[in-house]
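J.: This is the structure I want to talk about, given as structure tokens.
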Amino acid sequence: MNKTPVVLTIAGTDSGGGAGVSADLKTFASIGVHGTCAITSVTSQNTTGVLGAYNLPPYVVKDQIDAVCTDMDIRWVKSGMLPSPEIISAVAKHIKKYNLQLVVDPVMAAEAGGDLMTKDALLVMRDELLPLCFIVTPNTDEAAALSDIPIKDRNDAKRAAKAISKRGAPTVIVTGGHLDASDIVYESENDIFTVIPGEFIKGGTHGSGCTYSAALTAYLAHGHSIVESAIYAKRFVECAIRESIPIGTGVAPVNQMLHISKNAARYEVLDDTKCAVEMITGYGYFAELIPEVGCNIAMALPNASGIHDVAAVSGRFARLKGKVVNVGCVEFGASSHVARIILAAMQFNNNIRASVNIRYSMDVLEVCKKMKLTISSFDRADEPENTNTMDWGVTHAIKEYGSVPDIIYDAGGVGKEPMIRVLGESALDVAKTAVRIAKYMNDA
Ligand code: PXL
């Protein structure tokens, strides 16, 4: 087994627990590296901003770096808040002393407001630290300050990245949260730009810069390439923003722990879906409910953010000589069709995480009514252009009904088989309902 990498953050603390060292250590822990820290400044801070900062004497910063680097095998380090020229010079000296691979997050201000470094410190960072670093990760404001190039679009960001690399940083990543949400990676060695697309995520961003650079450092420490690490770090911070926690009156801190809890839920979701598949394939009469196009069952992770977070049968169930056969195994990302139904329903009720599609007929619908299942529907003829039918249809049916019903059906369209979708909290839950419908049909 690979050894757990030990990494170091040289940064300030945030008493509100959102940014700085707390963000770095939570990020390290959730990506599976051991985090150590050298504290540069103690900030009195909450979600509304920085109320004060007490900078530690440079020798205390050096002592902390000495303590960990003389005892542990540390190769990767990130720097965050480096508030004064003296602290930056002390850090530069120790980066050289221990031959560390440095990721510089050129922190200038807190997300919630408040300066975290002096103007003269910025120049010392540019002149003394950038030539020593492996990667620097400015946002657009920081990139503009480091390069003296105002940044209004992606081309400006590229010019700024090149200018910063001329100061000695071999790789520059301009994070685009303030621009168009994409990140620009410039590797000066090959003179290559890689654009990593992103999307604006709704949520609090307090600690997002720290979390991004800490995640990048952790993925690099695991041995991933620069571009791989930049992609993973971006997705990590997107997930952390999406799940930010509104704990104060100001900017909500990002939540790094979801990465772990989402992964922890994977086993449960796979297991539930596999048991649901067993239940359905084990009940012979279910064959009657399999549509021409086949049937699939799916279950999403809590807080699923896309098809990749939804488990389903790769392939689907089919009817073969009157029997239910399962073609494939249960995997994440295996169904886009049923996954879209669930993702649309989760917009209204986070607890509705599973669905199975079954054959439509008046008789089946009649049975659903007799079973007192709640029902809504959509008509494909009403579908606007340029929408996805499942997104639109499910949303429409839920809005019509007022909440997520047990059943959403449509009576089909040209070349489109009519369909019934059963919705519920888990794959087992919807499998049970579907099997009960099959049994009711058979008993009738
Ligand atoms: O995200 C930049 C940052 C770095 N370090 C400390 C901070 C902040 C932002 O709030 O408080 C200590």
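J.: Find the residue count for region 186-233, including only residues that are part of a helix (DSSP H, G or I) and within 16 Å of the ligand (Cβ to nearest atom).
T.: Of all residues in region 186-233, those part of a helix (DSSP H, G or I) come to 208-221, 226-233.
Imposing the further condition that a residue be within 16 Å of the ligand (Cβ to nearest atom) reduces the set to 208-217, 233.
Within region 186-233, residues that are part of a helix (DSSP H, G or I) and within 16 Å of the ligand (Cβ to nearest atom) number 11.
J.: Would you pick out the residues in region 320-366 that are farther than 23 Å from Tyr283 by Cα, open to solvent by less than 30 Å² (accessible area, probe 1.4 Å) and in contact (Cβ under 8 Å) with a residue 60 or more places away in the chain?
T.: Ile341, Ile342, Ala345, Ile352 - these are the residues of region 320-366 that are farther than 23 Å from Tyr283 by Cα, open to solvent by less than 30 Å² (accessible area, probe 1.4 Å) and in contact (Cβ under 8 Å) with a residue 60 or more places away in the chain.
J.: Is there any pair with a first residue in region 49-70 that is more than 24 Å from Gly18 (Cα to Cα) and in the same structural domain as Ser89 (by TED's automatic domain parsing) and a second that is aromatic (Phe, Trp, Tyr) and in a loop (DSSP other than H, G, I, E, B) whose Cβ atoms are under 7 Å apart and which are 6 or more apart or on different chains, and what are they?
T.: Within 7 Å, the pairs are Cys69/Tyr98.
J.: Which of the residues that make up region 33-69 are closer than 23 Å to Pro253 by Cα, more than 12 Å from the ligand (Cβ to nearest atom) and not in a strand (DSSP E or B)?
T.: Correct list: Val33 only.
J.: Tell me which residues, restricted to region 375-401, are in a helix (DSSP H, G or I) and loosely packed, with under 13 Cβ neighbours inside 10 Å. Lay out the reasoning, then the answer.
T.: Step one: of region 375-401, the residues in a helix (DSSP H, G or I) are 380-382, 389-401.
Hits for region 375-401 are Ala381, Asp382, Lys399, Glu400.
J.: Applying the selection to region 77-125, what residues are touching a residue at least 60 places away in the same chain (Cβ under 8 Å), part of a strand (DSSP E or B), open to solvent by 20 Å² or more (accessible area, probe 1.4 Å) and within 16 Å of the ligand (Cβ to nearest atom)?
T.: Hit for region 77-125 is Asp115, nothing else.
J.: Considering only region 234-250, how many residues are within 13 Å of the ligand (Cβ to nearest atom) and either in contact with a helix residue (DSSP H, G or I) (Cβ under 6 Å, 6 or more places away or on another chain) or outside any loop (DSSP other than H, G, I, E, B) (or both)?
T.: Restricting attention to region 234-250, the residues satisfying the condition of being within 13 Å of the ligand (Cβ to nearest atom) are 237, 240-241, 248, 250.
Filter once more, so that each one left must be either in contact with a helix residue (DSSP H, G or I) (Cβ under 6 Å, 6 or more places away or on another chain) or outside any loop (DSSP other than H, G, I, E, B) (or both): 237, 240-241.
Of the residues in region 234-250, 3 are within 13 Å of the ligand (Cβ to nearest atom) and either in contact with a helix residue (DSSP H, G or I) (Cβ under 6 Å, 6 or more places away or on another chain) or outside any loop (DSSP other than H, G, I, E, B) (or both).
J.: Please specify each residue of region 194-228 satisfying the condition of being buried (at least 16 other Cβ atoms within 10 Å of the Cβ) and farther than 25 Å from Leu100 by Cα. Even if it seems obvious, please write down each step before you answer.
T.: Looking only at region 194-228, we keep the residues that are buried (at least 16 other Cβ atoms within 10 Å of the Cβ), and these are 196, 198, 201, 203-222, 224, 226.
Correct list: Ile196, Gly198, Ile201, Gly203, Gly204, Thr205, His206.
J.: Still on this model: Take the conditions outside any strand (DSSP E or B) and out of contact with any helix residue (DSSP H, G or I) (no Cβ under 7 Å at 6 or more places or on another chain) and apply them to Ala287. Does it pass? Step through it out loud before you land on a result.
T.: Working: outside any strand (DSSP E or B): yes; out of contact with any helix residue (DSSP H, G or I) (no Cβ under 7 Å at 6 or more places or on another chain): yes.
Spelling it out, Ala287 is indeed outside any strand (DSSP E or B) and out of contact with any helix residue (DSSP H, G or I) (no Cβ under 7 Å at 6 or more places or on another chain).
J.: Out of everything in region 126-150 that is part of a helix (DSSP H, G or I) and open to solvent by 60 Å² or more (accessible area, probe 1.4 Å), what residue ends up being nearest to the ligand (Cβ to nearest atom)? Quick ask: steps written out before the conclusion?
T.: Quick first cut of region 126-150, residues part of a helix (DSSP H, G or I) only: 126-132, 140-147.
So of that shortlist, the ones also open to solvent by 60 Å² or more (accessible area, probe 1.4 Å) come out as 127-128, 131, 141.
Details: Asp127: 21, Glu128: 19, Pro131: 22, Asp141: 12 Å.
My answer is Asp141.
J.: Take region 1-21 and flag every residue that is touching a residue at least 60 places away in the same chain (Cβ under 8 Å) and near the ligand (Cβ under 9 Å from one of its atoms).
T.: Result: Ala11, Gly12, Asp14, Gly16, Gly18, Ala19, Gly20.
J.: Can you find a residue in region 273-290 that is within 17 Å of the chain's Cα centre (by Cα) and touching a residue at least 40 places away in the same chain (Cβ under 8 Å)?
T.: From region 273-290, those within 17 Å of the chain's Cα centre (by Cα) are none; that's our starting set.
No, there is no match, as no residue in region 273-290 is within 17 Å of the chain's Cα centre (by Cα) and touching a residue at least 40 places away in the same chain (Cβ under 8 Å).
J.: Exactly one of these conditions fails for Ala169: (1) touching a strand residue (DSSP E or B) at 6+ places or on another chain (Cβ under 6 Å); (2) open to solvent by 20 Å² or more (accessible area, probe 1.4 Å); (3) in a loop (DSSP other than H, G, I, E, B). Give me its number.
T.: (2)
The values are calculated or read from the model by the stated rules, or taken from the named source; none is laboratory data. Because the structure is a prediction, the values reported are computed rather than measured. Heads up, the Cβs are rebuilt from the backbone with ideal geometry, glycines too, and the neighbour counts pull from every protein chain shown. Heavy atoms of the whole protein, side chains included, go into the accessibility calculation; ligands, DNA and RNA do not. Shrake-Rupley method; radii C 1.70, N 1.55, O 1.52, S 1.80 Å.
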